[in-house]
Structures are given as C-alpha cells and as structure tokens.
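Inspection log for the structure reproduced underneath, given as structure tokens.
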C-alpha cells in the first residue's frame with residue numbers, strides 16, 4: 001500500500017473513508033469478500049473499543065480501495081516512531097489482546113492514527129489478504145522491519161515494540177534485510193550511554209522472550225527517568241562509541257563470513273575434507289599401533305551401540321575400533337567431512353553451530369537458526385537376529401535439505417535399517433558386514449512436525 005493511501009469518497013449521498021489496497025481488480029477476482037466485511041476493524045480510543053466495519057470495495061484509477069465509516073487521520077506510514085506513538089500502540093495491543101482480537105502481522109499501512117486521538121486497526125482478514133500480495137518494496141518498508149516470522153501473539157507484539165523503539169533511537173531499522181535473531185547493530189553506536197535495562201529488553205524482545213508488561217514498565221521509566229543511565233562526559237561517550245563500533249565491525253565480519261561459508265560450503269567441505277582425511281589416517285594409524293581397541297571386553301550389542309554413538313559424536317577413532325574398513329567406509333567419510341567443516345567454522349566463528357539430532361528432538365525440535373548444522377541419529381534400537389552374531393539397528397538420520405517452496409533449508413530425516421554381522425578381530429568383536437536400507441522422508445514442515 002502506498003504512503004498516501006487514503007481519500008474521502010461519496011456513495012449514495014454518504015461520505016466514507018477509502019483506503020487504497022494498491023492492488024488491481026484482478027487480485028480480487030473470484031475472492032469471497034463477505035468474510036472480510038463480516039470481521040470489523042477496531043477503533044481504540046480512551047481505553048474503549050469500537051467496531052469499524054468495511055462497507056465494500058470500489059475501483060478508482062485501476063486500483064481497488066476498501067471503504068467504511070469516515071474518520072480523519074493517517075496511516076502509521078506517515079509517522080516516525082516516538083514514545084507517545086509507541087505507548088499508544090502498546091496500550092492498543094493489550095486492549096485488543098484482552099478482547100480476543102487477532103491483530104495479525106503488524107504493518108504500518110494497516111494501522112490508522114486518528115486526528116482526534118486513538119488508533120484504528122483495519123480488519124485483520126482484509127489486511128492479511130492485501131499484505132500477502134503487496135509489492136516487495138512495500139513489504140520491505142511497512143512489514144519486514146517490524147515482524148519475525150517465528151514469533152506469534154504477544155511475543156510478536158513485543159518484538160514490534162522493540163523494533164519501533166530501536167528505530168526511534170537509531171533512526172534506522174534494526175533489521176533492514178532478512179531478520180536474524182539478535183544479529184543487529186548495537187544502539188550504542190548511535191547513542192552512547194543508553195540504559196542497560198533498555199538495551200537488555202530490546203535484546204530479549206528480539207530473541208522472542210519480551211512481553212508487553214515489560215515494555216509498559218520500561219516506557220514508564222523512560223518517561224520519568226529518560227533513556228540514559230546518567231550524564232556522560234565527552235570522553236566516556238567517545239569510549240563507549242569506540243567500543244560499540246569495534247563490536248559492530250566484528251559482527252559484520254562474522255555475518256560476511258557466515259554468508260561466505262554458506263555460499264561456498266561445498267568447495268570448503270571438499271578441500272577441508274581432503275586435508276582432514278590425511279590427518280585422520282595418520283593419527284588413527286598411529287593410535288592403532290600404540291593402543292588396543294576400546295572394544296576389548298565388550299558384548300556384541302555394546303559394540304554396535306558404541307559405533308552409532310561415536311558417529312553422533314564425530315569420534316572417528318572409536319568408530320574404527322568398532323568396525324572393519326570396508327563395512328564402515330561411508331559413515332567414516334561423513335564423519336571426516338563434517339569434522340573438517342566444523343573445525344573451519346570453529347576457527348572463524350568461535351563455534352561449530354552443530355546441533356545433535358537426538359538433543360534437538362529432546363529439546364522439542366525448536367526452529368533452527370540460520371547457520372546451524374543439524375546432524376546425527378535418533379531413536380536408535382538394536383535387536384538380535386536369529387542368525388548367529390547378527391543384529392538389526394533401526395534409527396532416524398537427520399540433516400538439512402533445501403525446500404522446493406522455500407529458500408531456507410528444512411530438517412529432513414531418513415528411516416534406516418542396518419543388518420549387522422560381527423566377528424572376533426584382534427581379541428574383540430567388530431562389525432564386519434553392514435547392509436543398509438534407507439527410506440527418505442519428506443521435508444519437515446514449518447513447525448517441524450513430522451506427521
């Protein structure tokens with residue numbers, strides 16, 4: 001929706017507020033608009049809620065407008081956020097939540113600030129329809145900076161309040177591009193001496209743990225005490241700015257490196273794997289010469305379980321003690337490759353970002369942050385077969401795979417059944433044969449339910 005998006009029109013002798021959808025008539029072709037008309041918007045004024053009902057749609061200069069009762073004001077596109085506006089919006093969120101009104105995705109084109117006080121939230125059903133079809137430049141300006149796709153309800157509203165506060169302080173959005181949790185330029189770069197509790201609440205809200213009550217209390221503090229801890233000398237301001245600028249440079253370097261690793265992960269994996277293979281061969285060969293296998297004294301089932309646990313832990317040497325070279329070659333190659341990749345990432349970023357699948361499932365299968373490597377097996381069961389020295393191992397093997405309908409990688413798992421045979425080699429049981437059957441499951445959906 002464009003910035004100048006409201007006009008007054010007259011129909012059958014009555015005046016109405018008409019709001020541009022910035023969509024052509026064909027966008028509404030075949031759409032049942034009765035549901036949009038049935039769910040009214042809400043006017044919030046003086047702690048009271050009143051309905052604002054869309055009367056219909058009309059075409060003006062090839063653009064569709066929706067219209068309803070006349071009110072005067074402007075959409076939030078036309079305002080720079082300040083404490084008064086943010087306080088109004090916060091109170092409106094709380095009142096609408098209490099009334100059970102779903103505000104949907106926050107968009108500055110969807111909220112109208114009335115000249116005589118109060119806010120008008122246009123009908124959610126209608127605005128969701130319009131905003132999903134908005135042009136990319138409008139989405140970047142009116143929707144993207146204020147929302148995180150993974151947050152819902154009050155957590156999403158607290159994120160919006162934090163984003164508006166950040167814009168008020170810094171004069172620019174925290175997330176001008178794709179939103180990444182807690183990856184934003186510190187407000188201290190713009191305004192040294194900001195209250196530490198304000199900075200902490202911004203950080204919490206961007207991470208999805210802020211609440212409207214937190215922000216209501218904070219806005220009260222800002223109104224009475226201001227947003228600075230105390231008056232700073234010019235020297236203190238300079239030192240804080242320099243420290244924040246240094247951290248910002250580090251953040252940008254890390255972001256660029258992460259992007260580079262993402263775009264070139266295949267090339268890096270190949271080159272790093274070649275080096276790692278040579279090192280692992282030398283180390284493991286020396287280890288075998290100097291030390292007995294760790295499987296001495298273990299039962300057959302214990303050896304099998306140790307093999308798969310070592311796979312999860314990227315423990316190449318222990319895997320070698322559990323299995324013959326031919327039987328375990330594919331698994332060992334995977335471990336070597338991933339170990340090399342994680343070592344490169346740890347060296348550059350300070351962390352491997354490896355998330356073991358069994359722990360991920362135990363944690364409730366949370367959304368994976370960009371750059372996370374999902375890895376490993378879960379739901380392992382080992383059963384003895386009727387054939388001597390033979391067992392079956394059933395498990396899920398998880399990884400990330402590109403989605404056909406999304407640019408992001410989504411969790412994917414394979415259901416695997418291994419038929420295993422063991423024999424005594426160098427006084428300990430080892431897996432000498434491993435036959436594998438794999439069933440690839442579809443990508444896990446957005447909420448990571450594997451139904």
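We did not get these values from a lab; they are worked out from the coordinates using the rules stated. Since we're looking at a predicted model, the values are computed, not measured. Positions of Cβ are backbone-derived with ideal geometry, glycine not excepted, and every protein chain shown enters the neighbour counts.
What the Cβ-Cβ distance of residue 425 and residue 305 gives, at R0 = 22 Å and to the nearest 0.05, is a FRET efficiency of 0.75. If you plug the beta carbon distance of residue 379 and residue 209 into 1/(1 + (r/R0)^6) with R0 = 35 Å, you get a FRET efficiency near 0.70.
Residues in the stretch 31-52 near a label at residue 114, defined as backbone nitrogen under 11 Å from the 7 Å Cα→Cβ point? Counting backbone N atoms under 11 Å from the label point, the list is 42-52.
With a Förster radius of 25 Å applied to the beta-carbon distance between residue 97 and residue 150, the computed FRET efficiency rounds to 0.85. From least to most packed, judged by other beta carbons within 10 angstrom and beginning with the fewest, 53, 141 follow the order 53, 141. The length gained by stretching the chain between residue 15 and residue 63 to full extension, at 0.36 nm per residue less their Cα-Cα distance, is 15.4 nm.
Listed by Cβ neighbour count within 10 Å, with the fewest neighbours leading, 161, 304, 169, 139 appear as 139, 169, 304, 161. Rounded if a/c is under 1.5, else prolate if a/b beats b/c, else oblate: with a ≥ b ≥ c from the C-alpha gyration tensor eigenvalues square-rooted, which is the stretch 18-75? Verdict is oblate for the stretch 18-75. Residues 164, 119, arranged from fewest to most other Cβ atoms within 10 angstrom of their Cβ, appear as 119, 164.
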